[in-house]
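Enquirer: Structure in structure tokens, see below.
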Amino acid sequence: MKQLECRNVCVNYENTEAVKDVSFSVEEGDYICIVGENGSGKSTLLKAILGLEPIKFGKIKFGENVSKKDIGYLPQQSIIQKDFPASIWEVVLSGCLNNKGIHPFYSKKEKQKAEENINKLGLNDIKYKSYQELSGGQRQRVLLARALCATKKILLLDEPIAGLDPKVTKEMYKIIKKINQEGITIIMVSHDIRFALKNANKILHIRTKKEFFGLTEDYVKSDIGKTFIGGGEDA
Ligand code: ADP
Ligand code: MG
């Protein structure tokens, strides 16, 4: 079932064309990696999908039973400052804000969801620790748990692995894969092309414009795929 469709999406920052004429669609259960060099518009495209950047032209259409509120988001640079004075529990729970209307308090159900995701990400033993005391890998797990609280359907992850050591990276990949296998659609910006090829069923390659969108197996055989893979990682 189609969950999201982007048609000819264009986003400008004043004089810069950041995203131009990008079209692709997302099916339930997809694991899509967005690849491309630095500055090619990947983060901007995610923000456009979330409605955080206005689109200049084109259309972003959600499928039936999907809305912006069903999307969990892990931004490229943490919106949560390093010195954010909150516990893991509070940071994760704040992901439930996405679904809140006018009610200022968290319901029992929301607290349960936060609890579940804390367990899923193996954070239970440290849940009352302060966010600022955590290592980079622990922080990313907290932010992933937080994003999971915001969705049952789609997760947008903007370079969730950047800056993590190899062991933690492997763990994060495993967790993301598991989340996908449990039925959540993943749209992830990744600078690690080898990982993208191994895990994603589809690849969107952009360089302001769309260079490729399709199955991973077809990307590997395409000219743009071969060139990009041959060049290694872009970062
Ligand atoms: P990527 O995530 O692929 O590295 P971005 O989406 O961050 O690329 O950026 C795409 C282009 O838009 C770049 O040229 C970048 O300099 C520009 N850009 C990104 N964010 C802003 C902003 N807030 N204001 C102005 N220009 C921006
Ligand atoms: Mg980016």
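The values are calculated or read from the model by the stated rules, or taken from the named source; none is laboratory data. Values in this document were obtained by computation on a predicted structure and should not be read as measured data. When we count neighbours, we look across all protein chains shown, and the Cβ atoms used for this are built from the backbone with ideal geometry, even at glycine. We work out accessible area using only protein heavy atoms, side chains counted, and drop any ligands, DNA or RNA first. Shrake-Rupley method; radii C 1.70, N 1.55, O 1.52, S 1.80 Å.
Enquirer: Scan region 21-39 for residues that are assigned to a strand (DSSP E or B) and either in contact (Cβ under 8 Å) with a residue 60 or more places away in the chain or open to solvent by 30 Å² or more (accessible area, probe 1.4 Å) (or both) and report the count.
Expert: Here the count works out to 11.
Enquirer: Find all pairs meeting these conditions: Cβ atoms under 7 angstrom apart; at least six residues apart or on different chains; first residue within region 155-180 and more than 23 Å from E37 (Cα to Cα) and of a type outside the set (V, I, T); second residue open to solvent by less than 10 Å² (accessible area, probe 1.4 Å) and at pLDDT 90 or above.
Expert: From region 155-180, the pairs are N180/Y31; N180/I186.
Enquirer: Still on this model: Considering each of A196, A145 in turn, give the residue that is within 16 Å of ligand 1 (Cβ to nearest atom), in a helix (DSSP H, G or I) and open to solvent by less than 50 Å² (accessible area, probe 1.4 Å).
Expert: A196
Enquirer: Can you tell me which residues in region 199-226 are away from ligand 1 (no atom under 16 Å from the Cβ) and in a loop (DSSP other than H, G, I, E, B)?
Expert: A200, N201, S222
Here's the yes/no breakdown for (1) surrounded by fewer than 18 Cβ atoms within 10 Å (Cβ to Cβ); (2) at positive phi; (3) not charged (D, E, K, R):
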position	(1), (2), (3)
E14	yes, yes, no
V19	no, no, yes
G41	no, yes, yes
L45	no, no, yes
L50	yes, no, yes
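Enquirer: Here's another thing I want to ask about it. What are the residue pairs meeting all of these: first residue in region 201-220, first residue farther than 21 Å from T44 by Cβ and of a type in the set (S, T, Y), second residue open to solvent by 30 Å² or more (accessible area, probe 1.4 Å) and in a helix (DSSP H, G or I), Cβ atoms under 7 Å, and 6 or more apart or on different chains?
Expert: T216/L197
Enquirer: Here's another thing I want to ask about it. Residues that are away from ligand 1 (no atom under 16 Å from the Cβ), within 19 Å of the chain's Cα centre (by Cα) and modelled with pLDDT of 95 or more: does region 13-24 have at least one?
Expert: Checking region 13-24: at least one residue is away from ligand 1 (no atom under 16 Å from the Cβ), within 19 Å of the chain's Cα centre (by Cα) and modelled with pLDDT of 95 or more.
Enquirer: Which residue, of S135, S190, is closer than 30 Å to N119 by Cα and touching a Cys at 6+ places or on another chain (Cβ under 8 Å)?
Expert: S190
Enquirer: Just need a number here: residues in region 52-72 that are crowded, with 17+ Cβ neighbours inside 10 Å, assigned to a strand (DSSP E or B) and within 16 Å of ligand 1 (Cβ to nearest atom).
Expert: So the count comes out to 1.
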